[in-house]
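For reference, the structure discussed in these notes is given below.
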């Protein structure tokens, strides 16, 4: 769905939906898609270990858990095209997949990429590959294969001939008896948040509408509050959390759940299986880019928390006694961390943000 005018009727505020991303319509489509996809589970009975809805799934391959996930970079690619800088979105592509895979307790192993292009320019492909390699290096995965599709009739970009799309599928391993779905979360467990590197790879449609259309900025505009150009800020690669998360899982800590904070924000926490809610009463200040989008775009705080990570890109739910060790491991890997809240009994699995007076429930945040 797209709209010609991203503003509301009064021309003052914006949201993810008015920017052109209709999550409600997506959910309806997912229900129809999912009903057919889940039927495929019966074609090989017992092999698919999780229902749809988690960050990744696990397949029983002869007693070994093969974890799988797939994701792309989204409209962050348009920012790369605006800057003619193509060597970082490969990091995002790796990150969006491996971070999801971690959330079922898996260690990522390999990734297969799919690149669709208008024209297979060697400089474009080499730059994309350079980013994929850097992401693989950070995540400690291999790229044993992939696919390049030349579909000029379907792909269009900012610069003619340089339009592209980039997605990938990641595989990993997890012992079948250690698949992590949050079933063991108990009341009073600690929620530790790891700092994001910025906007990551979600909400770029809204961000682009605010800065490039409403404000009329160019991608090379320097923004003092950001300390760099707006294009550089939006293109900052998604942080990869593999090294610290794997160490946490393998160090004997009582890690009960992990959540990649992407679209729908902290509502990603309620994918965990336990009937628990989350009180996030100690969130750090959002990164400056989020203040810019909110203030300049007139975006409501409810939409900000629904669309963005707001400075926390990954969450770990642990026994309170293990929170200190989680912080120590994160610091060892150079990632700022915060104990941002705790769990409470709640069969509705609501997410409470007391500082902003918000309650997250049923795929939205609202004042409450």
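The values are calculated or read from the model by the stated rules, or taken from the named source; none is laboratory data. As the structure is a prediction and not an experimental result, all values here were calculated from the model. Cβ coordinates were reconstructed from backbone atoms using ideal geometry, including for glycine residues, and neighbour counts include every protein chain displayed.
Here are a few things to note about the model shown:
- Residue within region 100-112 that is more than 25 Å from residue 68 (Cβ to Cβ), in contact with a strand residue (DSSP E or B) (Cβ under 9 Å, 6 or more places away or on another chain) and surrounded by fewer than 19 Cβ atoms within 10 Å (Cβ to Cβ) present: no
- Of all residues in region 195-218, those satisfying the criterion of being surrounded by fewer than 22 Cβ atoms within 10 Å (Cβ to Cβ) and in contact with a strand residue (DSSP E or B) (Cβ under 8 Å, 6 or more places away or on another chain) are 195, 197.
- Filtering region 174-210 to residues that are over 21 Å from the mean Cα position of the chain (by Cα) and in a loop (DSSP other than H, G, I, E, B) leaves 175, 183, 184, 185, 186, 187, 188, 189.
- Candidates are the residues of region 167-181 that are touching a strand residue (DSSP E or B) at 6+ places or on another chain (Cβ under 6 Å) and buried (at least 22 other Cβ atoms within 10 Å of the Cβ); the one that is nearest to residue 249 (Cα to Cα) is 174.
- Yes/no for residue 293 being within 15 Å of residue 204 (Cβ to Cβ) and at pLDDT 95 or above: yes
- Residue 146 vs. criteria assigned to a strand (DSSP E or B) and surrounded by fewer than 21 Cβ atoms within 10 Å (Cβ to Cβ): yes
- All of 318, 279 fail the test of being modelled with pLDDT of 95 or more, touching a strand residue (DSSP E or B) at 6+ places or on another chain (Cβ under 6 Å), assigned by TED's automatic domain parsing to the domain that holds residue 198 and surrounded by fewer than 20 Cβ atoms within 10 Å (Cβ to Cβ), apart from 279.
Each row is one residue, and each column tells you yes or no for (1) more than 16 Å from residue 281 (Cα to Cα); (2) surrounded by fewer than 18 Cβ atoms within 10 Å (Cβ to Cβ).
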| residue | (1), (2) |
| --- | --- |
| 322 | yes, no |
| 326 | yes, no |
| 332 | yes, yes |
| 337 | no, no |
| 342 | no, no |
| 347 | yes, yes |
| 350 | no, no |
| 355 | no, yes |
| 358 | no, no |
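- Boolean, residue 291 is part of a helix (DSSP H, G or I), outside the structural domain of residue 98 (by TED's automatic domain parsing), in contact (Cβ under 8 Å) with a residue 12 or more places away in the chain and out of contact with any strand residue (DSSP E or B) (no Cβ under 8 Å at 6 or more places or on another chain): yes
- Residues in region 115-143 that are surrounded by fewer than 19 Cβ atoms within 10 Å (Cβ to Cβ), closer than 29 Å to residue 247 by Cα and in contact with a strand residue (DSSP E or B) (Cβ under 9 Å, 6 or more places away or on another chain): 5 in all.
- Region 159-173, residues that are in a loop (DSSP other than H, G, I, E, B) and in contact (Cβ under 8 Å) with a residue 60 or more places away in the chain: 159, 162, 163
- Of 129, 116, 95, 136, all but one fail to be out of contact with any helix residue (DSSP H, G or I) (no Cβ under 9 Å at 6 or more places or on another chain) and modelled with pLDDT of 95 or more; the exception is 116.
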